[in-house]
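Chemist: Got a structure for you, written out below as structure tokens; questions coming shortly.
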Amino acid sequence: MAAEEGLLPGLITRAQSGFFTVQTERGPIVCQLRGRLKRPRREADLAAVGDRVSVRLVGQDTGMIEAIEPRQRALSRRDPRPQGFFEQVIVANPDQAVFVFACADPAPRLRMLDRFLVTAERQELPAIICANKIDLVGLRAARQIFGLYERLGYPVFYVSAKTGRGVPALRKVLLGRLSVLAGPSGAGKSSLLNAVQAGLGLRTREVRRRTRKGRHTTVVPELIPLEGGGYVADTPGLKAMGLWDVLPEELDACFPEMRPWLGRCEFNDCTHIHEPGCAVMQAVERGKIDPARYESYVSLRLGQGE
Ligand code: GDP
Ligand code: ZN
């Protein structure tokens, strides 16, 4: 960013009621948006957690956001307004989503994972799966559960927060990146973050508690810095964030294994559920598409997803 006199570059790590915490080389600075940046008619949030900004110091640790860098991408939801859709930005510039599921205790709900993956595909966010608690079932059984996703092309990390197995590889993939973390409660997200970096899980728990306590439950997560670079955004759950805005006709393309068959069905508005001459259903019958994944597709398409 242009190093204008007196301007500090930084990253928004927290946003609440018009106040933004910006992480800079001088530490965190609490800022407001310069008035001229607030245009009355706009289609998306102007500033959000994850945005890179320039700050002018006003006091010791307070300042004004003078400029916002263009966003590379965003994790966002479409908020219907009378004048059209408004894009509510949940996290700006995320690099990846990390979905944490336990191999056991609680048993992994793969239909929920499928739904998370569809959301990531819809948002064009690279997804990583973290299969935790391998100490409970062993690596071989863990691979039987999650191997399907490796074959689909999603990186799967087999880890145990308890024994530390696989944790260095997970740490490596988090370093230097902005990761959005999600998964059912009890999967071991806090424990894993603690294993990645001492105290990290505790910080996210604290943030979660504070987020829940507020009068307006915020869906916007706080970015927690990693030693060595990078940030983790622990989300209260993609569903709680209202991210589920995939249109029925967009759904098939959010299943990577279906893409080669799309456009080959007899009807070009095929829903791949009951139509004759459906290339997707034929691929399922011939074992080219996993039946459980197809089942996820059908239940999501019929609006019976979790
Ligand atoms: P969160 O709700 O996703 O943040 O999950 P927690 O980190 O609070 O973990 C839920 C429970 O699972 C706790 O009792 C943890 O001690 C336990 N746990 C977490 N990771 C592991 C693991 O790798 N192996 C085993 N056996 N238990 C774990
Ligand atoms: Zn079809």
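Chemist: Taking segment 264-299 as the region of interest, how many residues are surrounded by 17 or more Cβ atoms within 10 Å (Cβ to Cβ), in a loop (DSSP other than H, G, I, E, B) and without any contact (Cβ under 8 Å) to a residue 12 or more places away in the chain?
Modeler: Residues flagged as surrounded by 17 or more Cβ atoms within 10 Å (Cβ to Cβ), in a loop (DSSP other than H, G, I, E, B) and without any contact (Cβ under 8 Å) to a residue 12 or more places away in the chain within segment 264-299 amount to 1.
Chemist: Now a separate question. At pLDDT below 80 and surrounded by 13 or more Cβ atoms within 10 Å (Cβ to Cβ): does that describe Lys162?
Modeler: Judged against the criteria, Lys162 is not a match.
Chemist: Looking at segment 266-301 only, could you name the residues that are of a type in the set (S, T, N, Q) and over 31 Å from the mean Cα position of the chain (by Cα)?
Modeler: Asn268, Gln282
Chemist: Something else: For the structure I just gave you, tell me whether Pro106 is within 14 Å of ligand 1 (Cβ to nearest atom), over 16 Å from the mean Cα position of the chain (by Cα) and at pLDDT 95 or above.
Modeler: yes
Chemist: Still on this structure: Under 9 Å between Cβ atoms, which residue pairs at least 6 apart in sequence (or on different chains) link something in segment 86-112 that is at positive phi with a partner that is polar (S, T, N, Q)?
Modeler: The qualifying pairs are Asn93/Gln72.
Chemist: Provide a single number: the residues in segment 191-216 that are at pLDDT 90 or above and either open to solvent by less than 10 Å² (accessible area, probe 1.4 Å) or closer than 21 Å to Met112 by Cβ (or both).
Modeler: Qualifying residue count, segment 191-216: 3.
Chemist: Further question on the same structure: Is it the case, given these coordinates, that Val219 is open to solvent by less than 30 Å² (accessible area, probe 1.4 Å), closer than 30 Å to Gln88 by Cα, more than 16 Å from ligand 1 (Cβ to nearest atom) and at pLDDT below 95?
Modeler: yes
The values are calculated or read from the model by the stated rules, or taken from the named source; none is laboratory data. From a predicted model like this one, the values you see are computed outputs, not experimental measurements. In this analysis, Cβ positions are derived from the backbone assuming ideal geometry, glycine residues included, and neighbour counts consider all displayed protein chains. Just so you know, the surface numbers come from the protein's heavy atoms only, side chains and all, with ligands and any DNA or RNA stripped out. Shrake-Rupley method; radii C 1.70, N 1.55, O 1.52, S 1.80 Å.
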